[in-house]
Amino acid sequence: MSEQKNNYSIGIDIGGTKMSAVLFDREKNEVIADYKLATPKDSLDKFLVMLYALIDPLIEKAKKEKLKINGIGAGVAGVVAAATAGNGKGHILISPNLPILNEAELGKILQEKYSLPVALDNDANCFLRAELALGAAKNYANAVGITLGTGIGGAISLNREIYQGLHDSAGEIGHMIVDVVNGTPMDLEDIYHDLTQGNAQAMAEEAYNGDKLAIKTYSEIGKHLGLTLASVVNLVDPEIIIIGGSVMSSSDLFLSEVKKYLKEAIISPKLKKIKVVPAKLEMAGAIGAALLRIAD
């Protein structure tokens, strides 16, 4: 009988529009298999059915190839009371773009379903964790990660450790207040949603078709993003900023504006040359979840 191979994990990236999962070799730092599905938004029960459909094929593949899965890591868009040691206690406090997950005890649910240790974290934290280990931030200790998709996520690395904060809520760059409109505070994500009318992909298509208003809209997105990131840089003094997420497929519409306004608003002359780079890993969120500490 062939010997079972150890040290594999499943990593899940739960976003507001889609979910992805990987079967990951933690010794070789390699993705063995991956799977993607749309994220249901109408009820927790339907969400869990789809989540299990995402995970089950990877469990079956591991069994077929005699790979021992040591645990499951999940990154979720929202504020997560993190469980990063596999005790299944992690739960979601609030998920602005996926409210069916508000207060969901996802760690406990997955642990009971699969009888495996489960660790939870914010999805942007997982994104940056993967880029630190294997991607664009591999050679840097202090980094900022930002993800542009259904919403805007953020994460901060200090000395190669993800800074979680006292209540596991640090790094929410998308919820930094950047403007006040008619007396109402507006965070970066509010402005992003307003500018894109809730559909960044459609707005990008209009821009590529020459629509002047859409082109100007993406210029405004770049401006607001650059100024917000300048505040982050002035606060934490990182070496590099990594930008990922589905909207980066349209980065030529706004990235130059990001860099322009970022450098104009940075105080320290030494920081004005900060690197701003696209993410390197295609499934960084899921890989970062697979890299979570799943055992005490």
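Derivation of every value follows stated rules applied to the coordinates shown; laboratory data play no part. Bear in mind the structure is a predicted one, so any value in this text is a computation, not a measurement. Cβ atoms come from the backbone with ideal geometry, glycine included; neighbour counts cover every protein chain shown.
Quick notes on this one:
- Per residue, the average separation of C-alpha pairs within less than 8 Å and at least 6 apart gives the chain a relative contact order of 21 percent.
- Residues ILE59, ILE72 arranged by fewest to most Cβ contacts within 10 Å: ILE59, ILE72
- Between LYS275 and ILE241, the built amide H atoms are under 5 Å apart, and every one of these is 5 or more places off in sequence or on another chain.
- Projecting the Cα atoms of ILE146, THR184, GLY198 onto the charge dipole of segment 138-278, computed from C-beta unit charges around the Cα centre, puts ILE146 farthest toward the positive end.
- Net length gained if the chain between SER219 and GLN197 were fully extended (0.36 nm per residue, minus Cα distance): 6.4 nm
- Local electrostatic count at LYS63 - Lys and Arg +1, Asp and Glu -1, tallied over other residues with Cβ under 14 Å: +2
- Nearby lysines by direct alpha-carbon distance to LYS61 (threshold 17 angstrom, same-chain neighbours under 8 apart not counted): LYS5, LYS36
- Taking 0.36 nm per residue of sequence separation and removing the Cα-Cα distance, the GLU30/ASN7 pair yields an extension gain of 7.1 nm.
- Summing charges over all other residues whose Cβ lies under 9 Å from the Cβ of LYS138, with Lys and Arg as +1 and Asp and Glu as -1, gives 0.
- Lys/Arg +1, Asp/Glu -1 at C-beta; the chain dipole; positive extreme among LEU98, ALA74, SER9: SER9
- Ranked LYS108, LYS66, criterion: other C-beta atoms within 10 Å, fewest first: LYS66, LYS108
- For segment 35-47, 3J(HN,Hα) per residue [Karplus equation, 6.51 cos²θ - 1.76 cosθ + 1.60, θ = phi - 60°, Hz, x = Gly/Pro]: 8, 9, 8, 6, 8, x, 10, 8, 7, 5, 4, 5, 4
- GNM flexibility winner over the chain from HIS167, HIS224, HIS175 (Cα, springs under 10 Å): HIS167
- In plain terms, if you count all Cα to Cα distances in the chain and split them into 5 Å steps from zero, the share in each step is 1, 6, 12, 16, 18, 16, 12, 9, 5, 3, 1, 0, 0, 0, 0 percent.
- Across segment 220-232, rounded Karplus estimates of 3J(HN,Hα) from the backbone phi angles (6.51 cos²θ - 1.76 cosθ + 1.60, θ = phi - 60°) give 5, 4, x, 4, 5, 5, x, 5, 5, 5, 4, 4, 5 Hz, Gly and Pro being marked x.
- Each stretch of four or more DSSP H residues adds -39500 (n - 2.57); spread over every residue of the chain, this sum gives -11000 deg cm²/dmol at 222 nm.
- About the Cα centre, charge dipole magnitude for segment 138-278 (Lys/Arg +1, Asp/Glu -1 at Cβ), debye: 760 debye
- R0 of 25 Å, Cβ-Cβ distance ASN209-GLU282: FRET efficiency to nearest 0.05: 0.40
- Mean Cβ neighbour count within 10 Å, used as a protection proxy, ranking 188-194, 267-273 highest first: 188-194, 267-273
- As a calculated quantity, the FRET efficiency between LYS18 and ALA265 at R0 = 35 Å, using C-beta atoms, amounts to about 0.60.
- Check: segment 213-296 dipole with +1 on Lys, Arg Cβ and -1 on Asp, Glu Cβ, in debye: 320 debye
- Here the calculated FRET efficiency for SER249 and LYS68, from their Cβ-Cβ distance with R0 = 35 Å, stands at 0.45, rounded to the nearest 0.05.
- Top of ILE241, ILE146, ILE274 by mean-square fluctuation, Gaussian network on the chain, Cα under 10 Å: ILE274
- Basic side chains Lys and Arg get +1 at the Cβ, acidic Asp and Glu get -1 at the Cβ, and with that the dipole of segment 44-193 about its Cα centre reaches some 860 debye.
- Taken over segment 138-278, lysine pairs spaced eight or more positions apart, or on distinct chains, with alpha carbons under 13 Å apart number 12.
- Per-residue Cβ neighbour rank within 10 angstrom, fewest leading, ILE242, ILE94, ILE221: ILE94, ILE221, ILE242
- Annotation: amide H-H contacts under 5 Å for ALA74 (H modelled 1.01 Å from N, sequence separation of 5 or more, or interchain): ILE12, ALA119, LEU120, ASP121.
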